[in-house]
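J.: One structure follows; several queries about it will come next.
Derivation of every value follows stated rules applied to the coordinates shown; laboratory data play no part. Computed from a predicted structure; not experimentally measured. Neighbour counts run over all protein chains shown; Cβ positions are idealised from the backbone, glycine included.
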Amino acid sequence: MKFLMIILLVLAVIWLWRTKRPGLPLSKKTTPTASNPLTMVACVHCSVHVPAGDAIPGKKGLYCSDEHRRASEG
Ligand SMILES: [Zn+2]
């Protein structure tokens, strides 16, 4: 039974070590910024994803085009 406890402890340590490791792209959710053109952002008007570099910033968020910014904000 002591052997089983050691295995569980080792597994727990490995699990903690894996979850604490930085740089995993799936677990890290970054907020979209216009500075990184490779980041895809969703248009708040039509939800189409566009590169952050091409997105139009508005009062409510980012838009795929100036047309949608005007349509949403009036
Ligand atoms: Zn749009």
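J.: Tell me which residues come under 5 Å, amide H to amide H, from His45 once H is placed; ignore anything under 5 positions away on its chain.
T.: Amide H to amide H, under 5 Å and 5 or more residues apart or across chains, His45 pairs with Cys64.
J.: Extending each Cα 7 Å along its Cβ direction at Thr39 and Val13, get the distance between those two points in nm, one decimal.
T.: 3.8 nm
J.: Among 46-58, 3-15, what's the highest-first ranking by average C-beta atoms within 10 angstrom per residue?
T.: 46-58, 3-15
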